[in-house]
1. Suppose we keep only residues that are part of a loop (DSSP other than H, G, I, E, B) and touching a residue at least 60 places away in the same chain (Cβ under 8 Å) within segment 154-164. Which one would you say is most open to solvent (accessible area, probe 1.4 Å)?
2. Since GLN129 meets every condition but one in (1) over 19 Å from the mean Cα position of the chain (by Cα); (2) at negative phi, which condition does it not meet?
3. If I filter segment 110-125 down to residues being open to solvent by less than 30 Å² (accessible area, probe 1.4 Å) and either in contact with a Lys or Arg (Cβ under 8 Å, 6 or more places away or on another chain) or of a type outside the set (A, V, I, L, M) (or both), which single residue comes out as nearest to LEU140 (Cα to Cα)?
4. Could you tell me how many of the residues in segment 275-304 are open to solvent by 30 Å² or more (accessible area, probe 1.4 Å) and not hydrophobic (A, V, I, L, M, F, W, C)?
5. So which residues in segment 328-339 are over 18 Å from THR296 (Cβ atoms) and at pLDDT 85 or above, if there are any at all?
6. Being open to solvent by less than 70 Å² (accessible area, probe 1.4 Å) and outside any helix (DSSP H, G or I) is the filter here; which residues of segment 126-153 pass it?
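The values are calculated or read from the model by the stated rules, or taken from the named source; none is laboratory data. Keep in mind the model is a prediction, meaning the values are calculated, not measured. Don't worry about glycine lacking a Cβ; one is built from the backbone with ideal geometry, like all the others, and counts go over all protein chains shown. Side chains are part of the model used for accessible areas, which takes the heavy atoms of the whole protein and leaves out ligands, DNA and RNA. Shrake-Rupley method; radii C 1.70, N 1.55, O 1.52, S 1.80 Å.
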Amino acid sequence: MTGQGHRGFWSTLGGRQDLGSGPGFWVAFAIVARRLLVSPLFGSPFYLSNLAVFFIYVPMGLGLCLLWGYAGILSFGQAAFFGIAGYVYGIIAQNLSLTPLGSLAGVAVAISATVIGAALFGYFVFYGQVSAWIIPLLTLVLSLILETFMAQTAGYQWRVGHVLLGGYNGMTGIPSIKIGELEFGGASVALYLLTVICMLVAYLGLRLLVNSHYGYVVVGVRDDVERTRMLGYNVARIQVTVFALAAGLAGLSGVLYVSWGNYINPASMGLYAATLPVIWTAVGGRSSLLAVALSTVGLKWLADTLAVRGGGNAFLIMGALLLATMLFFPAGIVVSLARLWRR
């Protein structure tokens, strides 16, 4: 890469379409990334496993940030794509459990199936020019239909190969991702490092995307669809592409989740699961990838803590937090604090 290419790369990475662009930010980012990568030298397996489950959801949150914050498309379907990838991976990985690369085939098929399914769904929605306010309802219905269907697959007749779907009890015994003798299991250092790398790569990759020319076109679609179309851009194709990319990131989170827990059930696509990514994105600030990454980790930790200590009040408190954010911090808490700091 030439010097001009290097300058172009760094200027795009540090563009204005996300929080943080100066040398101070990148020094802080490098320190945090290094700390996350060397944590296995200091943390216990239990501590690393807890951190991994928080980081697992970051790609899904970032995908919704791209879709809602930058493209202007609110979706409650990220949980559906999370669940699709988890189930597809479980089916492939268990049926090919005796094959050396069976789990990697499961990863590839699961994410590919999620992207293709989202592209087909998005094709009918966006090329059909469905009204923007109907899309959240359609994606929510998609999640609820999948949850209802999977909950009814409890009998022995519901099997793919030798793998039982399990109904509402869920699919159990899903093997973790494995490469040779290296297994990315729940409490392993390997899975922790994999989730950290996936999180960092997803964040940096999306920063490059939103700060590129294509990213500005995506924002143009959000701000004025007709003007963007009049400039010669295929708006529907852009919307389908962004929708499929966001679904693929949700699918990545789903695959990492089942590799961590070796289990998935229909509740992963239910109303609560469908609402959480929207809360993470709204509370952090949907106009910033960094804000959503921080809020996803922070709110996932808060939700787990409340679930342990507060029982059934966890969802109520999360809903109240979302309401307070919409009333007092409509741009999101992290984004609002960043703007206040700049002033």
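1. Here is the first cut: in segment 154-164, the residues part of a loop (DSSP other than H, G, I, E, B) are 154-158, 161-162.
Applying the additional criterion that residues be touching a residue at least 60 places away in the same chain (Cβ under 8 Å) yields 161-162.
Working: GLY161: 59, HIS162: 111 Å².
Selected residue: HIS162.
2. Only one criterion is unmet by GLN129, namely (2).
3. GLY122
4. Step one: of segment 275-304, the residues open to solvent by 30 Å² or more (accessible area, probe 1.4 Å) are 286-287, 290, 294, 297-298, 301-302, 304.
Now narrow it down to the ones that are not hydrophobic (A, V, I, L, M, F, W, C): 286-287, 298, 304.
The qualifying residues number 4.
5. In the first step, residues of segment 328-339 are kept if they are over 18 Å from THR296 (Cβ atoms); the result is 328, 330, 339.
Selection gives PHE328, PRO330.
6. Taking segment 126-153 first, the residues open to solvent by less than 70 Å² (accessible area, probe 1.4 Å) are 126, 128, 130-131, 134-136, 138-140, 142-144, 146-147, 150-151, 153.
Within segment 126-153, GLY128, VAL130, SER131, ILE134, THR153 meet the criteria.
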